[in-house]
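Engineer: Next up is a structure, given as structure tokens.
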Amino acid sequence: MKISITKTTNSRIEGVDFDNLAFGRVFSDHMFVCDYKDGAWQTPQIVPFDYIPMHPAMMAVHYGQAIFEGMKATKSHDGTPLLFRPEMHAKRINKSAWRMCMPAFPENLFLDALHQLIELDQAWIPPQAGSALYIRPYMYASDEFIGVKPSKTYKMVIFTCPVGPYYAKPISLLAETKYIRAAEGGTGEAKAAGNYGGSLLPARLAQEQGYDQVLWLDAKEFKYIQEVGTMNIFFVMNDKIVTPALGGTILDGITRNSLLTILKDKGYTVEERPLSIDEVVKAHQAGQLQEVFGAGTAAVIAKISKIKYQDVVMELPTDNSVGTELKATIDGIRAQTTEDKFGWVVPVGAMQTV
Ligand code: COI
């Protein structure tokens, strides 16, 4: 399907301070939009970034059929714009779509849209280390209808934001023992907007106690660690690296997957398994909890400085050696200064169909 392109005649790039980018507040010049109607995706287009009119009865805002992805484009050391594992995001958005009873988006059209959009707005990719062009694809139900059933029409949109680091400093976590993020059989594995909506009250309550984020525990026993509000989590304990196994309630993070691959390749002992908060507390008491870090597209690697669980407060070192090494590896692959052994980086314009 051919994507029509209308370029802006009024670029806003001159007014952007690329050295001081707040995350998610600055939007680049163009966006991709495609509509689903009469059983097919149609009229894919790249247009100047603008508001999208909304009917008051638009189903997404009433019944929550809304899903999204988070990706990043970077520049190699020679200035080539690069995407990171775009095909994984093309597949994951369709897994989320399936769970939320939404139509799949053609993977090749998703990739084509990314390549063309980033090509057009490549001047918006910040060259500063630790910065990137954050890419936000999302799909929502656009029927104008009151009643709980799947929409018949949808919109897919992709816009981009030049961003600096999501977390500027190490963060503290409160292990949540009242509220849950996801239960088995629920939508926890989907990147569904509602999962994030439900996390906001517990996150605010944690912030009122002085903690930056919630550490989610399982919904049955409040025993097994799931993830953090914005990322997956890794523990370095007794010289092993442990991250909670997927299983329906945890987001199958693409950064998580990349880190597991890098860690195994570097010869670390890595365990993906159920991990109880009691085991973490015991490791801390035994002096075996070496470091903890979060991993996600927005956050990349976020150092964790403290975790509170019930009455136990675990202060953690933040001179993370494993986390720091992983961040340098991921950043290096994204800048093509570290060998891309796994073929993850795709130069914009060199689209491979799937
Ligand atoms: C991302 O890491 O890209 C995400 O989508 C998390 C979001 C809550 C910022």
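The values are calculated or read from the model by the stated rules, or taken from the named source; none is laboratory data. If you're wondering where the values come from, they're calculated on a predicted model, not measured in any experiment. Note that we place each Cβ from the backbone using ideal geometry, even for glycine, and neighbour counts take in every protein chain shown.
Engineer: Suppose we filter region 54-71 for residues that are of a type outside the set (A, V, I, L, M, F, W, C), within 16 Å of the ligand (Cβ to nearest atom) and buried (at least 21 other Cβ atoms within 10 Å of the Cβ); how many remain?
Structural biologist: Within region 54-71, residues that are of a type outside the set (A, V, I, L, M, F, W, C), within 16 Å of the ligand (Cβ to nearest atom) and buried (at least 21 other Cβ atoms within 10 Å of the Cβ) number 1.
Engineer: Being at positive phi, at pLDDT below 95 and either part of a strand (DSSP E or B) or small (G, A, S) (or both), is that true of even one residue in region 229-240?
Structural biologist: no
Engineer: Show the residue pairs meeting these rules: Cβ distance below 6 Å; 6+ apart or different chains; first residue within region 229-244 and polar (S, T, N, Q); second residue assigned to a strand (DSSP E or B) and buried (at least 22 other Cβ atoms within 10 Å of the Cβ).
Structural biologist: Close Cβ pairs (under 6 Å, with a partner that is assigned to a strand (DSSP E or B) and buried (at least 22 other Cβ atoms within 10 Å of the Cβ)) amount to T230/G296; N232/A295; T243/F234.
Engineer: Could you list all residues from region 291-318 that are in a loop (DSSP other than H, G, I, E, B) and either without any contact (Cβ under 8 Å) to a residue 12 or more places away in the chain or more than 16 Å from the ligand (Cβ to nearest atom) (or both)?
Structural biologist: Listed by number, the residues that qualify are Q310, D311, L316, P317, T318.
Engineer: Let me ask something else about it. Among N10, N94, which is the only one that is under 21 Å from M351 (Cβ atoms) and of a type outside the set (A, V, I, L, M)?
Structural biologist: Result: N94 is the single residue among N10, N94 that is under 21 Å from M351 (Cβ atoms) and of a type outside the set (A, V, I, L, M).
Engineer: Within region 242-275, can you find the residues that are surrounded by 15 or more Cβ atoms within 10 Å (Cβ to Cβ), in a helix (DSSP H, G or I) and more than 16 Å from the ligand (Cβ to nearest atom)?
Structural biologist: Across region 242-275, the qualifying residues are L260, I262, L263.
Engineer: On the basis of being more than 16 Å from the ligand (Cβ to nearest atom), under 21 Å from D252 (Cβ atoms), surrounded by fewer than 17 Cβ atoms within 10 Å (Cβ to Cβ) and in contact (Cβ under 8 Å) with a residue 60 or more places away in the chain, does V345 make the cut?
Structural biologist: So V345 fails the test.
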